[in-house]
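Enquirer: Below you will find the structure I want to go over with you.
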Amino acid sequence: MKNNPLNGYQPDHDEEIAANAAHSAPETDAANIDPDTGEIIASTDAAADTNKETTRPAFYPTCRYCGKQSLPDAPYESQEVANEAATMRCDCFDARQYQDEVEKKKRREANIKKLRQRLCDFSDYTAGRNMELSDDLYNFLLNVGINVLDANIAGATIKVGRFTVKFSVGNKSALSIAFTYSDGAKLEV
């Protein structure tokens, strides 16, 4: 009757746990014991190893214009990277202007890449017509094309030997290049 919980008596579990712990041997890793001497070389706590945090600290994305903060949705390298991500997603006026500027820069870089490719294609076209597109001429045409893309000039028509090169911007801010040879052949890119 004395172990009956209905009578209000509870056995002392702490004494039982202490008695069981005294009879059990400490756990060690076999790799940490020297087989010749039986000495412990290094002791490691396996539980402590699993509790170590190996994750990066959480950076909370904050819009740099309005200060709107959100929960992290990705592991960010730094607070600046997190803030850039928040600014690119924010819908405040200043953030939208910043997003437009970033998009314009990306489109400009893509258009310059296309311009370089088209000038390389033009180089192949002129080589077939016994004219070399030298480095100076290539760089000049590249600079003219970039100035047309940047709207520094509205368009340009350049005569080079028997070729005419015309740069213009289309309705979608895409650069149009027309190469015309004196025999009437025309290549538009």
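The values are calculated or read from the model by the stated rules, or taken from the named source; none is laboratory data. Bear in mind the structure is a predicted one, so any value in this text is a computation, not a measurement. Because the Cβ atoms are built from the backbone with ideal geometry, glycine has one as well, and the counts that use them run over all protein chains shown. All accessible areas refer to the heavy atoms of the entire protein, side chains included, with ligands and DNA or RNA removed. Shrake-Rupley method; radii C 1.70, N 1.55, O 1.52, S 1.80 Å.
Enquirer: How much net charge surrounds THR62 when only the other residues with a Cβ under 14 Å from the Cβ of THR62 are counted, with Lys and Arg +1 and Asp and Glu -1?
Expert: Cβ neighbours under 14 Å give a net charge of -1.
Enquirer: Further, regarding this structure: Test of understanding: express the Cα radius of gyration of region 93-157 as a ratio to 2.2 N^0.38 Å, with N the residue count.
Expert: Output field value: 1.43.
Enquirer: Show TYR181, TYR138, TYR60 ordered by accessible area, largest first, where the area counts protein heavy atoms only and the probe is 1.4 Å.
Expert: TYR60, TYR138, TYR181
Enquirer: Rounded to the nearest percent, how much of the accessible area of region 82-121 (1.4 Å probe, protein heavy atoms only) is carbon and sulfur?
Expert: Carbon plus sulfur share of accessible area: 48 percent.
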